[in-house]
């Protein structure tokens, strides 16, 4: 048997095996496509985009990536704590507290996410106007926190669903009977050891949602939030960069193709800022959608 | 008698599942294959019977590809004339056909009437009751596990009856055929098997981890006694091997235990459960005689081994789960030390006072009782008053039950055999210093030597003044170990 495997290994080049493995793992494949696409765009822009615009795109991309990552971390933390707390309250004896907590979370759930984020931006505007917040990082952290508040219940729902599922299995009762604490069983045995793939899938999806929400809200507030604070006061993100006049003009240039198809090559050298940002957003959302789906299939997440 | 020898290697995804160099089957004999669960008994039997898929598994028999083995004349004969009773009967039955239709399907249609087999396997049922069972589909009107097992056994006996004078090559495999049967039905099945063997020269492979079959097989079937071979599949230092198991090894041990069992010294009660608790709409009655005439409170005394007996499905596991506060009864009164626990006792109280402190419980199925995604070390993490302060103390405790490889503590539970999981399941509770350990089928899936070690641990626990309550279908073993004063019988009434 060993010989047979060895023979197979020597008859198939390692590179081919790697590619076949990548093709089977759609999540890894789309991650590679995403990174490859962004790299190609960056190299192209290095040659054809002016330095200040390239710097803006890099900064906007980095800020969006940082915000998305912070959203994921904050949402998972909040969702984990909320999910476990609701579960404990439901099974405990303080039913009144559970109903209040449950009502509040359902109330939050009933508000459209975009409205929650908008309220967060309004609060940020006030803080900026009163000069409470200064640094870009703190502004990004505020934005991330706002988006996290809008989306963390999705994590809390996953956490509760996983706990409920494992409650039906013998191993939870078997551990309880051995005197192992319930919080250890929930946090370590159920959520850490048995739900990491579910939570990671949720994190990938949340990253996509956060990118979408950020871009949407940046576009909405591009009309201005107050006389003192405008989009230019906020840290540069992909959404805010796309909402700028020069980027919008780049996008509108695409319509030239209807009357002059020969304009196509010009698009890729003259209107790069707007097109690059639009590409970054759409391509990122597409890739994240496929990474999440591939991950679900590979890990058979129901 | 001729012996067939096989060299079997099975792997999947580069991971070796089974590798045995000299597996033997004696022709025209009943080979009883013993050994702990998950060690590879079923896989070996399936490989020999030609039932593995060469596209899914990497199989080699006698160092030749499995596809060649499948083309051998003897394999073709096994597949044509033999029969395989699967351990999990549901996997054998077609959910879209009634049981009656399946009993008459294919070559079984040529068999004489099956009334005699069915009548014996459903000894206490009337003809119309049997007919009703045969008219159901395996799904959704599912027959019980025991009923399905009996249907498959009836199919196998029907198939045997189609053979006029079977060639010695005809192989019949029974994989854990009595796992869901009580002692009476188990004996009926063995009687039928022995009668069929007496009349025909078939080769039978009976796979089991129930060592209490040995007593019946050696004592009751003189006509085929010379044709019964006991083999044990053992894993030693990661290598699988077959050893001839001498029934005397088990029987003399049993006799010794029986002789050593004394009437219990009356000590104070650890737990007393009043007879007549109600749960799931049924009243549960404890009695000190098998007929349920003398109703008594269910009592476990300090330093005693207590045995709770009842036919399958009566509610033994429900009783102990109720005692542990895991199942909420409609009515119950249990005293544990000075405290009384009723149906109104809040869960918090069980958690603070009982679980892992006063009582603990070994669950029946180790597969379900352990977190499959944990490592061996993690099974013992978080226990109250754990004696395992570091890896060395843990390894020392485990070494009594396992051939420890260097990376054993790092192994994921899901990669262990069924028997290894059961040992971990037991050991986790045995390390706790509780007054009472409840054990639901503690010998499930263990080989004989491990079962003896487990029973020794139980004995040490009893000597230390702690108590053990057992539920087990290994009646022969526990009847020998438990004094009759400590045996309780459970009946249920609506």
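The values are calculated or read from the model by the stated rules, or taken from the named source; none is laboratory data. Owing to the predicted nature of the structure, the values given are computational and were not obtained by experimental measurement. FYI the Cβ positions are ideal-geometry reconstructions off the backbone, even for glycines, and counts take in every protein chain you see.
Quick one: which of A:147, A:163 is within 19 Å of residue A:213 (Cα to Cα) and either in contact with a strand residue (DSSP E or B) (Cβ under 9 Å, 6 or more places away or on another chain) or in a helix (DSSP H, G or I) (or both)?
Numbers: A:163 fails: within 19 Å of residue A:213 (Cα to Cα).
Of A:147, A:163, the one residue that is within 19 Å of residue A:213 (Cα to Cα) and either in contact with a strand residue (DSSP E or B) (Cβ under 9 Å, 6 or more places away or on another chain) or in a helix (DSSP H, G or I) (or both) is A:147.
Within segment B:375-484, which helices (runs of 4 or more DSSP H) (wholly inside it) include 3 or more residues that are surrounded by fewer than 17 Cβ atoms within 10 Å (Cβ to Cβ) and touching a strand residue (DSSP E or B) at 6+ places or on another chain (Cβ under 9 Å)?
The helices (runs of 4 or more DSSP H) meeting that bar are B:448-463.
Only one of these is surrounded by 16 or more Cβ atoms within 10 Å (Cβ to Cβ) and out of contact with any helix residue (DSSP H, G or I) (no Cβ under 6 Å at 6 or more places or on another chain): B:294, B:358. Name it. Spell out how you get there, then give the answer.
Working: B:294 fails: surrounded by 16 or more Cβ atoms within 10 Å (Cβ to Cβ).
On inspection, the qualifying residue turns out to be B:358.
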- [ ] From (1) in a helix (DSSP H, G or I); (2) modelled with pLDDT of 80 or more; (3) surrounded by 15 or more Cβ atoms within 10 Å (Cβ to Cβ), pick out the condition that doesn't hold for residue A:236.
- [x] (1)
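Identify all residues within segment B:222-248 that are closer than 30 Å to residue B:484 by Cβ and surrounded by 15 or more Cβ atoms within 10 Å (Cβ to Cβ); write none if there are none.
Matches in segment B:222-248: B:230, B:245, B:247.
Does residue B:311 satisfy the criteria of being over 20 Å from the mean Cα position of the chain (by Cα) and in contact (Cβ under 8 Å) with a residue 12 or more places away in the chain? I'd like the intermediate steps shown before the answer.
Numbers: over 20 Å from the mean Cα position of the chain (by Cα): no; in contact (Cβ under 8 Å) with a residue 12 or more places away in the chain: yes.
When the stated conditions are applied, residue B:311 does not pass them.
Condition check ((1) modelled with pLDDT under 95; (2) within 14 Å of chain B (Cβ to nearest Cβ); (3) under 30 Å from residue A:246 (Cα atoms); (4) in contact with a strand residue (DSSP E or B) (Cβ under 6 Å, 6 or more places away or on another chain)) across all residues:
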position: A:3; (1), (2), (3), (4): yes, yes, no, no
position: A:15; (1), (2), (3), (4): yes, no, no, no
position: A:24; (1), (2), (3), (4): yes, yes, no, no
position: A:40; (1), (2), (3), (4): no, no, yes, no
position: A:56; (1), (2), (3), (4): yes, no, yes, no
position: A:70; (1), (2), (3), (4): no, no, yes, no
position: A:73; (1), (2), (3), (4): no, no, no, no
position: A:92; (1), (2), (3), (4): yes, yes, no, no
Task: Selection within segment B:215-231 - within 19 Å of residue B:253 (Cα to Cα) and without any contact (Cβ under 8 Å) to a residue 12 or more places away in the chain - done: B:219
Open item on the list: Given (1) part of a helix (DSSP H, G or I); (2) over 29 Å from residue B:421 (Cβ atoms), identify the lone condition not met by residue B:44.
Closed with: (2)
TODO: Please work out which one of (1) farther than 21 Å from residue B:43 by Cβ; (2) surrounded by 14 or more Cβ atoms within 10 Å (Cβ to Cβ) is the condition residue B:72 fails and give its number.
DONE: (1)
Open item on the list: Within segment B:49-65, take every residue that is in a loop (DSSP other than H, G, I, E, B) and farther than 17 Å from residue B:4 by Cβ and give me the one that is nearest to the other protein chains (Cβ to nearest Cβ).
Closed with: B:57
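Please verify whether residue A:115 is without any contact (Cβ under 8 Å) to a residue 12 or more places away in the chain, in a helix (DSSP H, G or I) and within 30 Å of residue B:371 (Cα to Cα), treating the condition exactly as stated. Break it down stepwise before answering.
On the way: without any contact (Cβ under 8 Å) to a residue 12 or more places away in the chain: yes; in a helix (DSSP H, G or I): yes; within 30 Å of residue B:371 (Cα to Cα): no.
No; evaluated as a whole, the condition is false for this residue.
Which one is farthest from the chain's Cα centre (by Cα) among residues in segment B:356-371 that are in a loop (DSSP other than H, G, I, E, B) and more than 7 Å from every other protein chain (Cβ to nearest Cβ)? Can you show your working first?
First, pick out the residues of segment B:356-371 that are in a loop (DSSP other than H, G, I, E, B): B:356-358, B:363-365, B:370-371.
Imposing the further condition that a residue be more than 7 Å from every other protein chain (Cβ to nearest Cβ) reduces the set to B:358, B:364.
On the way: B:358: 28, B:364: 10 Å.
Only one residue fits best here, namely B:358.
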Open item on the list: Exactly one condition in (1) modelled with pLDDT of 95 or more; (2) within 12 Å of chain B (Cβ to nearest Cβ) is false for residue A:182; which is it?
Closed with: (1)
